[in-house]
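K.L.:
Dumping the structure here so I can ask a few things about it.
All of the numbers you see were taken from the coordinates with simple rules; none came from a lab. Remember, predicted model here, so these are calculated numbers, not experimental data. Note that we place each Cβ from the backbone using ideal geometry, even for glycine, and neighbour counts take in every protein chain shown.
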Amino acid sequence: MRVLRALTVAAAACAAIGLSAPFASANQDPGGRGGNGGGNGNGPSNISVNPYSVHQGSTMQVSAAGCGHGGTVASPGNFPPANLSAGSIGFATVRVFNHASPGHHTLSVKCNDSNLVATHRFTILEGNPSQGGIGGSFGPSTAETAIGAGLVGAAALGAGAHVVRRRRPLRSRA
């Protein structure tokens, strides 16, 4: 019984580590592509996009340091200009046009209080984005319902077999 508990804990720990690895690397810029403007605080620097690869019609978040009074993010033909928020790190959310051409593109960031412009590369993927946020408007298919019913039935049979196998006769204490 102790071995089973130890194996269960070890499996849960491995699953947690394995599932967290993609999230830890999701914000990295593949291959170090993209420019970061002058890092001396006189203009935009440390520009990042999340996600790096985005489908036509979906959104991405752009962040940049060095624009204390805000700025503008632009990529002509790919998305309309967006305002970068003020602060030590500014953020802007942009929506890529549905008709934007797939491939590698460059966006530019310009601070309101500086003439310097910094650029960063990103990738537009062909096709529609995922159907996120529709919250249950699509029901399960017949095959999914059958598979689910089969799994529930198998679980019930397994639990019943376990209970019958583990049943012990009552002993009277006399």
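K.L.:
HN-Hα J couplings of segment 114-128 from phi, Karplus 6.51/-1.76/1.60, θ = phi - 60°, integer Hz, Gly and Pro as x?
P.N.:
8, 8, 6, 10, 10, 10, 8, 8, 8, 10, 9, 9, 6, x, 7
K.L.:
Order 69-82, 146-159 from most to least packed using the mean count of other Cβ atoms within 10 Å.
P.N.:
Details: 69-82: 17.2, 146-159: 10.3.
The peptides rank, most packed first, as 69-82, 146-159.
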